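As structure tokens, the structure follows; a few thoughts come after it.
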Amino acid sequence: MGYRVVVVGATGNVGREMLQILSERQFPLDEVAAVASSRSQGDIIDFGDTGETLKVSNLEHFDFSGWDMALFAIGSEGSKLHVPRAASAGCTVIDNSSLYRMDPDVPLIVPEVNAEAIAGYRAKNIIANPNCSTAQMVVALKPLHDAAGIKRVVVSTYQSVSGAGKGGMDELFNQSRNIFVGDSAEPQHFTKQIAFNVIPHIDSFLDDGSTKEEWKMVVETKKILDPKIKVTATCVRVPVFVGHSESVNVEFEREISAQEAQDILRESPGVMLVDKREDGGYVTPVECVGDYATFVSRVREDPTVENGLNLWVVSDNLRKGAALNAVQIAELLGRKHLQKE
């Protein structure tokens with residue numbers, strides 16, 4: 001017996017990826033519903049590569065009663081309106097927005113890292129999916145933390161434009177084309193030109209000079225991995241369509257060599273170590289697209305601090321950073337708690 005699953009925001013980048021991954025992983029479904037805003041009502045979209053199509057329903061009028069799970073990918077404003085409605089109808093919500101991530105009654109889950117925390121979902125019938133940059137980083141850090149205890153993390157991100165939705169991808173494409181033919185490349189979606197440029201600004205600025213994206217990485221890492229870990233982040237948008245990269249400097253409580261770290265990462269769930277120390281012996285965003293793994297390369301010791309390591313971490317932000325993690329949460333929820341036979 002399978003589950004009745006709703007994908008909310010099914011016509012967006014992440015929603016489409018959720019449908020694709022549900023089909024790829026042969027999630028045990030009795031029924032799947034594609035739901036989006038009234039603009040998309042009646043549209044026909046593909047259910048992954050199954051050959052099946054789904055007719056999009058209007059979120060405003062959708063009745064969540066009788067559905068087992070809803071995977072939300074519509075942003076905080078939409079989640080604020082509709083997540084409580086779904087949860088109170090008995091449908092367990094896995095929300096991709098930032099709205100509930102720091103709610104103490106809502107578990108924030110990366111299955112490879114803190115699967116046991118999912119039991120807390122019963123308080124509100126809601127589970128939060130972390131920020132894309134946080135998700136891939138904690139997958140890489142968890143096994144190293146278990147081995148040597150992380151004290152401090154300094155991370156700089158190189159985040160693709162797909163993290164800003166279809167509008168971000170369109171802007172990179174259009175600006176690149178316009179620059180080649182000598183047309184205007186005025187920014188519409190981003191604060192500055194993104195083509196052939198990098199922008200050290202994601203989300204809004206906070207009073208201390210950091211951005212909300214940087215704050216998310218700090219507080220979410222503490223909630224998922226360990227509240228004692230100190231984290232500082234600089235988040236940068238780069239002219240890449242899909243795939244987030246991170247330069248991560250880690251200071252440990254106990255001694256750990258680069259070789260030990262490589263051996264641990266090689267055996268860790270969700271991690272693919274590609275670290276050959278030769279031309280091309282590392283992973284870039286282009287190679288990670290469409291993959292489930294969080295790739296780790298450039299593992300090396302940092303001699304400027306005691307027990308320090310540097311890592312290069314790359315993952316498909318639409319997959320592990322969003323849709324894949326949501327589906328893995330749904331799998332965990334089904335396996336551990338809903339358990340339909």
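The values are calculated or read from the model by the stated rules, or taken from the named source; none is laboratory data. This one's a predicted model, so the numbers in the text were calculated from it and none came from an experiment. Because the Cβ atoms are built from the backbone with ideal geometry, glycine has one as well, and the counts that use them run over all protein chains shown. The protein model used for the area step is the full one, side chains on, heavy atoms only, and it has no ligands, DNA or RNA in it. Shrake-Rupley method; radii C 1.70, N 1.55, O 1.52, S 1.80 Å.
Please work out how much accessible surface LYS230 shows to a 1.4 Å probe, ignoring ligands, DNA and RNA, in Å² rounded to 10.
Answer for LYS230: close to 130 Å² accessible.
Between GLU306 and ASP263, what FRET efficiency comes out of the Förster formula 1/(1 + (r/R0)^6) with R0 = 22 Å and r the beta carbon distance, rounded to 0.05?
0.55
If I build a Gaussian network model for the chain, linking alpha-carbon pairs within less than 10 angstrom, which residue out of ASP183, ASP103, ASP207 has the largest mean-square fluctuation?
Between ASP183, ASP103, ASP207, it is ASP207 that shows the largest mean-square fluctuation.
Taking Cα pairs under 8 Å and at least six residues apart, what relative contact order does the range 175-242 come out at, in percent?
Value for the range 175-242: 30 percent.
Translational D (Stokes-Einstein, µm²/s) of the chain at 25 °C and 0.890 mPa s when Rh comes from the Kirkwood sum over C-alpha pairs?
119 µm²/s
So how do HIS244, HIS189, HIS145 rank on accessible area, 1.4 Å probe, biggest first, that is with the largest at the start?
HIS189, HIS145, HIS244
Sort THR11, THR211 by accessible area with a 1.4 Å probe, largest first.
THR11, THR211
Leaving out same-chain residues fewer than 8 places away, which lysines sit with a Cα under 29 Å from that of LYS216?
LYS80, LYS124, LYS142, LYS151, LYS166, LYS192, LYS228, LYS230, LYS320, LYS336
Between the range 108-125 and the range 39-75, what is the C-alpha centre distance in whole Å?
The range 108-125 and the range 39-75 have Cα centres spaced 24 Å from each other.
Thinking of the range 230-341 as a set of Cα atoms, what percent of all their pairs are more than 25 Å apart?
33 percent
Taking R0 as 22 Å, what's the FRET efficiency between LYS276 and VAL236 from their Cβ-Cβ distance, rounded to 0.05?
0.25
Using only alpha carbon pairs under 8 Å that are at least six residues apart, calculate the relative contact order of the range 105-257 and give it in whole percent. Please report the intermediate quantities before stating the final value.
Details: 262 pairs, mean separation 52.2, N = 153.
With pairs under 8 Å counted, the relative contact order is 34 percent.
Rounded to the nearest percent, how much of the accessible area of the chain (1.4 Å probe, protein heavy atoms only) is carbon and sulfur?
Working: 7350 of 15120 Å².
Taking all protein chains in place, the chain shows 49 percent carbon and sulfur surface.
Once you keep just the Cα pairs under 8 angstrom separated by 6 or more residues, what percentage relative contact order results for the chain?
18 percent.
Quickly estimate the mean residue ellipticity at 222 nm for the chain, helices only: each DSSP H run with n ≥ 4 gives -39500 (n - 2.57), and the total goes over all residues, rounded to 500.
Estimated from H runs of four or more residues: -8500 deg cm²/dmol.
At a probe size of 1.4 Å, how large is the accessible area of SER315, to the nearest 10 Å²?
Estimated to the nearest 10 Å², SER315 gives 0 Å².
I'd like the accessible area for MET272: 1.4 Å probe, protein heavy atoms, all chains in place, Å² to the nearest 10.
90 Å²
Within the range 1-45, whose backbone N sits under 16 Å from a point 7 Å along Cα→Cβ of GLU77?
Those under the cut-off are 9, 37-40.
Report the one residue of ILE202, ALA185, LEU225 whose Cα lies farthest in the direction of the positive end of the charge dipole of the range 158-237 (charges on C-beta: Lys and Arg +1, Asp and Glu -1; origin at the Cα centre).
Towards the positive end, the residue furthest out is LEU225.
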